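S.K.: Below is the structure I would like to discuss, written out as structure tokens.
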Amino acid sequence: MFASLVTTTLLTFTLAAPATAASSIDYVALGDSYSSGVGAPGQSILCFRSAQGYPGQWAARTKPKSYTDLSCGGAETSDVRNLQVRFSAERPT
């Protein structure tokens, strides 16, 4: 049991570590309230998006080449597929 716990903990820390070569990553955040950071400080009125949500925190730590947050509180699967993904594909690189 202890070996399993240690292995799981090490795997978690390894996977959660920020990428060292993040400058080559283009990051587009999609999703609903979990992604947008509903309830976090500094959220916008539109989509209840906050820089304190997971995507903003990840981008601040890893410094991707580009970062776009298209997440929106209240989004459903069809919103992500029909609006967010479509809009992300139309954004200039």
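Derivation of every value follows stated rules applied to the coordinates shown; laboratory data play no part. Since we're looking at a predicted model, the values are computed, not measured. A quick note on method: Cβ atoms are made from the backbone with ideal geometry, for glycine too, and the neighbour counts reach across all protein chains shown.
S.K.: Under 5 Å between amide H atoms, partner at least 5 residues away or on a different chain: which partners does Asp69 have, H built in plane at 1.01 Å?
M.R.: Hits under the 5 Å cutoff: Ala29.
S.K.: Also, I was wondering about something else. Taking a ≥ b ≥ c as the square roots of the Cα gyration tensor eigenvalues, with a/c under 1.5 meaning rounded and otherwise prolate when a/b beats b/c, else oblate, which class fits segment 22-90?
M.R.: Here segment 22-90 falls in the oblate category.
S.K.: Determine ³J(HN,Hα), in whole Hz, for all residues of segment 26-42 in sequence, where each value follows from phi through the Karplus function 6.51 cos²θ - 1.76 cosθ + 1.60 and θ = phi - 60°; x replaces Gly and Pro.
M.R.: Computed from phi, the couplings for segment 26-42 are 9, 10, 10, 8, 10, x, 9, 4, 4, 6, 6, x, 3, x, 7, x, x Hz.
S.K.: Now a separate question. Give a residue-ordered list of calculated ³J(HN,Hα) values for segment 45-55 (Karplus: 6.51 cos²θ - 1.76 cosθ + 1.60, θ = phi - 60°; whole Hz; x for Gly, Pro).
M.R.: Couplings: 6, 6, 6, 6, 8, 10, 5, 8, x, 3, x Hz.
S.K.: Gln52 versus Glu76, label points 7 Å from Cα toward the beta carbon: distance in nm?
M.R.: That separation, rounded to one decimal, is 3.0 nm.
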